[in-house]
Amino acid sequence: MPRSRCVWAICPLTVLQRQTHTTALDGIAWDKHRSDRSCFSIGLSHPCPLGCGPRSPKYRGGPTLNQRRLARTPPERHARGVAPPTHPPTPSAPSIKDRLDERVVGQDEAKIQLAQLIAMHLNWCHKPLDALLPPNGLLIGPTGVGKTHTIRTACALLDLPFVVADATSLVPSGIVGEQIEDILERLVESARQLRLSRGEPVDLDVPIDRADLDLARTGVIFIDEFDKLASSEAAGYEEPIRLTVQRRLLKLIEGSLLRVGVKRHGTDHPDHYINTMGILIIGSGAFTGIDTPAIRSRRAPNMLADLVDPLEVVSTDLVQYGFIPELIARMPVLIQYRPLEKQDFVEILKGEFSPIRLWQRYCAAFDMDFADPEPAVLQLIAEQAVRLNMGARGLQQLLFQRLPAEIFEFERSGQKTYHLTAERWRRPRRSRSQG
């Protein structure tokens, strides 16, 4: 019969009798010779039958000194001569990649590089070294391949402050629009919201405190549409603005003290300064046309021999694309995303974040059932998505071209279960002229 500790920690019976024997008393098993001098009972709800409670004069007042020491000591350190296991202070790149595999389909090479970049950033934040800063990076790939989804998912899984900035809205100082300091303020606000979600004590009367700034320094700034900052002759009057924004980004990336102030309730609060050194900056864009001969013809003659993949984008291509060399040199990690293939679309449609789940939730709200589509339908949708060449966003377009009329007629008919079959998907859509 399993034994568990009695509610009263010390029983005088074990002190008076040193012989080892077990006696059954009122359904309670007793061990008379325990080194911790405690009685054992079948259930913790049983009081000690000898009256060893706090109201009894026999009560000795709780556990022994050794018991208290053992309670404070981790189990792995109880054995003599066994050192406690050492755990890395930050997650490793393989662990980050494994967690991304659960939510992001495909793009294995890109996920490995991004996981290593984030792991190196977190390791630097744990032990900062001003003389050796972690690198920043660029995500390069066509639309809809998962660039934003990957970095957003990684930051959510790792509880990192995260903010998305649109490069097309960035302007130099003195012009109406979003500036670099505005991005930092949103990053600090993201850090505060993260602290609130963790249950940390936060003084809501103070817009910014030191804990917000310290946590924001471990965060990630994601600049979407980064390729739109490239200067070119076609940019016209916008070219000087783009070059100025690129130089302003240098101040953010290379590490500077920038002022962040929050205005709330119509009152100006004191400004604070945040050191941007160590904040992970990641740009993202499609960089359309960067693989054209006009761009790659400027490469050195022997550069192709040093590349694993001749189609790989290098820093020289980005400079020819319209970026200043100083900015590209500070974003040396170039992570390329490949176009999605047919099997990738099939996995997305079967996954947790499939756009089909949106239709299933809609039907469930009206007591209808949208059955899981058969595999043949998923293959047809994936083939059309490849031809559409819009990435994962193209799946929503394909579904909304077909399903609204189908679901509308299904709701009107009063049926309870809708089946999306290959025959229905191949059925020609009714044109608008047909009403």
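The values are calculated or read from the model by the stated rules, or taken from the named source; none is laboratory data. All figures in this text were calculated on a predicted structure; none of them were measured in a lab. FYI the Cβ positions are ideal-geometry reconstructions off the backbone, even for glycines, and counts take in every protein chain you see.
Criterion first (under 30 Å from ILE328 (Cβ atoms), of a type outside the set (Gly, Ala, Ser) and at pLDDT below 90) does THR73 satisfy it? Answer is no for this residue.
The set of residues from region 76-115 being touching a Pro at 6+ places or on another chain (Cβ under 7 Å) and either assigned to a loop (DSSP other than H, G, I, E, B) or at pLDDT 50 or above (or both) comprises just one member, PRO84. Within region 183-210, the set of residues being surrounded by fewer than 19 Cβ atoms within 10 Å (Cβ to Cβ) and closer than 12 Å to HIS272 by Cα comprises VAL206, ASP209, ARG210. Each residue in region 348-365 was checked for being assigned to a loop (DSSP other than H, G, I, E, B), hydrophobic (A, V, I, L, M, F, W, C) and at pLDDT 90 or above, and 0 of them qualify. The residues in region 360-404 that are surrounded by 15 or more Cβ atoms within 10 Å (Cβ to Cβ) and among the small types (Gly, Ala, Ser) can be counted, and the count is 5. Checked against (1) assigned to a helix (DSSP H, G or I); (2) within 30 Å of the chain's Cα centre (by Cα); (3) touching a residue at least 24 places away in the same chain (Cβ under 8 Å), PRO373 meets all criteria but (1).
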